[in-house]
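The values are calculated or read from the model by the stated rules, or taken from the named source; none is laboratory data. Here the structure is a predicted model, which is why all the values come from computation and not from measurement. Cβ atoms come from the backbone with ideal geometry, glycine included; neighbour counts cover every protein chain shown. Note: accessible area is taken over every heavy atom of the protein model, side chains too, but ligands, DNA and RNA are not part of it. Shrake-Rupley method; radii C 1.70, N 1.55, O 1.52, S 1.80 Å.
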Amino acid sequence: MNIPLDRTKPVPLARQIQDYLERLIGERLLAPGVKLPATRELAEGLGVNRATVALAYEELCAAGLARAHVGQGTFVAGPVAPEDAGAGTGPTIDWSGLLSRSARIVGADAERARAAVDPRAASPSVISFASGGPDSALFPTEAFRRVLNEVVRAEGEVLLQYYPVAGYPPLRQYLAQYLLRFGIEARPEEILVVNGSQQGFDLIARTLIDPGDSVAIEQPTYTRALQVFRAFGARPLPVDWDATGPRVAALERLLERNAPKMFYCQPNAHNPTGLTLSAETGRGLLAAAARHQVPIVEDGFDGSLYYGERAPAPLKALDRDGVVVYIGTFSKVLFPGLRLGWLVAPPPLAERLRAAKQLADLHTSALIQAAVHRFCERRLLDRHVARIAAEYRRRRDTLVAALKRRMPEDVTWTEPEGGFSLLVTLPAGLDAGALLPRALERGVAYTPGAAFWVDDSGERTLRLSFSSVPGGKIDEGVRRLGEVVRAARRRPAHPVERVAAPTV
């Protein structure tokens with residue numbers, strides 16, 4: 001710690017040290033529980049006698065600002081307060097007036113989400129169907145730790161340096177072979193490794209979208225992608241899903257009338273419905289995009305987590321005209337915390353995407369890429385996916401069976417063929433957002449469906465994600481939800497404050 005001392009002042013050095021530390025503690029730059037430097041270490045660094053530092057610490061303890069523990073050291077006193085407490089004086093610059101349009105859009109979305117989230121949703125007593133991520137209890141943590149240690153020993157000096165933007169070559173080669181399982185033909189040079197699919201959306205948006213551009217987006221859709229496109233100033237135009245996928249005729253009309261810059265969709269294991277588009281619809285979408293020279297951004301869900309006989313081919317596998325940009329990720333089949341995904345794009349676009357990524361963050365962690373490659377090369381991923389696919393299928397089946405048993409007859413839902421969730425539609429007159437506080441009181445949480453609609457409709461829908469809910473709790477959660485729905489139908493309609501649950 002560097003404490004500025006003025007030896008020309010009449011103020012004793014111990015007092016100067018004390019005053020400096022008091023200010024840091026008062027402004028919470030030194031938070032309660034933080035250990036102060038050892039007296040010998042600080043004295044040597046400041047060039048003063050150790051007794052001088054000891055005296056300053058004694059005065060802090062006497063003032064109740066620090067506490068000393070024999071054999072452990074001196075610590076800042078006081079209870080740990082919220083992060084925003086004691087932030088010191090206000091800013092001297094009006095930062096809100098300097099924010100870009102994109103930052104204001106992102107901030108408004110984040111503020112609405114914070115204001116809407118009910119803290120009861122995080123209670124251990126609540127059975128939550130809100131999280132759309134994988135179950136961390138199924139993570140192969142120990143196996144991954146071993147391969148991570150191995151690559152550090154074997155290649156650490158190279159992997160911990162700056163690295164080429166396109167990604168770890170052995171991983172890109174592996175991905176080219178892996179994608180062939182699902183019919184996608186991609187050369188390693190057409191693959192760009194990114195920090196999760198979220199960065200993929202960001203790079204595509206910054207490469208293709210100008211403020212004011214129209215973007216065609218399936219409806220319902222993945223909210224995080226929608227937020228990215230809006231942040232770059234895009235005007236989203238919805239293309240509604242039906243039982244076979246995004247309506248081709250609706251897309252055709254948009255392409256003719258609005259000339260959107262691109263069309264975003266999730267053809268397989270669609271979030272929030274879990275549905276998969278039909279082969280005929282897929283061919284229709286590709287033909288329309290090729291005729292109008294509009295790219296399709298395909299948000300791919302790993303075909304290994306398909307619960308039917310055979311996973312359908314991604315649009316990219318059927319693309320003969322080079323109109324599809326494919327986004328893939330390890331987040332659903334391995335660990336979302338790795339933030340590791342990839343883009344497959346035609347060479348002219350791939351070059352631009354690499355340039356955008358290099359400008360954004362230089363490269364994705366080469367160490368993580370190498371560890372994932374070794375994990376995959378040893379077929380550890382294949383064994384892990386086989387295990388989790390069977391478990392998620394059981395949870396899907398349990399959820400669907402519970403809905404059939406527990407829900408009123410006029411409640412409907414999608415039956416997911418892949419992915420982690422399904423979409424429930426409530427009877428006319430019920431609003432899923434308004435119903436959520438009652439559900440939380442009863443001990444069950446879900447995600448209101450309106451968040452997945454481009455045009456803010458979908459009030460009667462809600463998403464139930466089964467991936468993170470232990471199988472033994474699914475039926476009880478649905479029983480509670482069924483009781484809430486039945487009770488709401490018996491109550492007279494009146495305004496209820498809406499709350500929300502986080503969307504993933």
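From the list 415, 459, which residue is open to solvent by 40 Å² or more (accessible area, probe 1.4 Å) and touching a residue at least 40 places away in the same chain (Cβ under 8 Å)? The conditions single out 415.
For the stretch 439-456, name all the residues that are under 15 Å from residue 226 (Cα atoms), touching a residue at least 12 places away in the same chain (Cβ under 8 Å) and assigned to a loop (DSSP other than H, G, I, E, B). Across the stretch 439-456, the qualifying residues are 453, 454, 455. Count of the stretch 323-359 residues, restricted to those that are touching a helix residue (DSSP H, G or I) at 6+ places or on another chain (Cβ under 7 Å), closer than 27 Å to residue 291 by Cα and either without any contact (Cβ under 8 Å) to a residue 12 or more places away in the chain or among the hydroxyl-bearing types (Ser, Thr, Tyr) (or both), is 1. In the stretch 360-384, the residue that is nearest to residue 463 (Cα to Cα) out of those that are among the aliphatic types (A, V, I, L, M) and either surrounded by fewer than 17 Cβ atoms within 10 Å (Cβ to Cβ) or in contact with a strand residue (DSSP E or B) (Cβ under 8 Å, 6 or more places away or on another chain) (or both) is 360.
A search for C-beta distances below 8 Å between a residue of the stretch 8-31 that is under 13 Å from residue 42 (Cβ atoms) and any residue that is among the basic types (Lys, Arg) and open to solvent by 30 Å² or more (accessible area, probe 1.4 Å), counting only pairs 6+ apart in sequence or on different chains, returns 13/7; 16/9.
Pick from 107, 90: which is assigned to a loop (DSSP other than H, G, I, E, B) and at pLDDT below 85?
Details: 107 fails: assigned to a loop (DSSP other than H, G, I, E, B).
One residue alone meets the criteria, 90.
Listed by first and then second residue, the pairs with beta-carbon distance under 7 Å, at least 6 apart or on different chains, first residue in the stretch 311-322 and closer than 14 Å to residue 186 by Cα, second outside any helix (DSSP H, G or I) and of a type in the set (S, T, N, Q), are 314/268. Does residue 332 count as in contact with a Leu (Cβ under 9 Å, 6 or more places away or on another chain), open to solvent by less than 40 Å² (accessible area, probe 1.4 Å), charged (D, E, K, R) and farther than 19 Å from residue 229 by Cβ? Answer is no for this residue. Scanning the stretch 273-293 for residues being among the aliphatic types (A, V, I, L, M) and open to solvent by 10 Å² or more (accessible area, probe 1.4 Å) gives a total of 6.
For residue 40, indicate whether it is basic (Lys, Arg) and surrounded by 16 or more Cβ atoms within 10 Å (Cβ to Cβ). So that I can check it myself, show each step before the final result.
Values: basic (Lys, Arg): yes; surrounded by 16 or more Cβ atoms within 10 Å (Cβ to Cβ): no.
Taking the combined requirement at face value, the residue does not satisfy it.
Being within 27 Å of the chain's Cα centre (by Cα) and modelled with pLDDT of 95 or more narrows it down to one residue among 457, 467; which is it? Unique residue meeting the criteria: 467. Please work out if residue 121 is without any contact (Cβ under 8 Å) to a residue 12 or more places away in the chain and either in contact with a Cys (Cβ under 7 Å, 6 or more places away or on another chain) or among the hydrophobic types (A, V, I, L, M, F, W, C) (or both). No: the conditions fail for residue 121.
Do we find that residue 388 is part of a helix (DSSP H, G or I) and either among the aromatic types (Phe, Trp, Tyr) or within 22 Å of the chain's Cα centre (by Cα) (or both) in this structure?
Working: part of a helix (DSSP H, G or I): yes; either among the aromatic types (Phe, Trp, Tyr) or within 22 Å of the chain's Cα centre (by Cα) (or both): yes.
Spelling it out, residue 388 is indeed part of a helix (DSSP H, G or I) and either among the aromatic types (Phe, Trp, Tyr) or within 22 Å of the chain's Cα centre (by Cα) (or both).
Being outside any helix (DSSP H, G or I), at pLDDT below 95 and over 29 Å from the mean Cα position of the chain (by Cα) is a property that residue 502 lacks. Annotation note: of 269, 216, the sole residue that is outside any helix (DSSP H, G or I) and on the phi > 0 side of the Ramachandran plot is 269. Picking from residues in the stretch 256-266 that are assigned to a loop (DSSP other than H, G, I, E, B) and of a type outside the set (S, T, N, Q), the one that is farthest from residue 418 (Cα to Cα) is 259.
For the stretch 226-272, the set of residues classified as open to solvent by 10 Å² or more (accessible area, probe 1.4 Å), farther than 18 Å from residue 198 by Cα and of a type outside the set (A, V, I, L, M, F, W, C) consists of 235, 238, 240, 242, 244, 247, 252, 253, 256, 257, 258, 261, listed by residue number.
Counting the residues of the stretch 169-183 that are farther than 17 Å from residue 385 by Cβ, in contact with a Pro (Cβ under 8 Å, 6 or more places away or on another chain) and not polar (S, T, N, Q) gives 4.
Can you pull out the residues in the stretch 175-190 that are surrounded by fewer than 24 Cβ atoms within 10 Å (Cβ to Cβ), of a type outside the set (Phe, Trp, Tyr) and not in a helix (DSSP H, G or I)? Those that are surrounded by fewer than 24 Cβ atoms within 10 Å (Cβ to Cβ), of a type outside the set (Phe, Trp, Tyr) and not in a helix (DSSP H, G or I): 181, 183, 185, 186, 187. Picking from residues in the stretch 473-490 that are out of contact with any helix residue (DSSP H, G or I) (no Cβ under 9 Å at 6 or more places or on another chain) and at pLDDT 95 or above, the one that is farthest from residue 272 (Cα to Cα) is 486. Just one of (1) in a strand (DSSP E or B); (2) surrounded by fewer than 19 Cβ atoms within 10 Å (Cβ to Cβ) fails for residue 210. It is (1). For the stretch 142-162, indicate whether the set of residues that are under 21 Å from residue 352 (Cα atoms) and open to solvent by less than 30 Å² (accessible area, probe 1.4 Å) is non-empty. No, the stretch 142-162 has no match at all.
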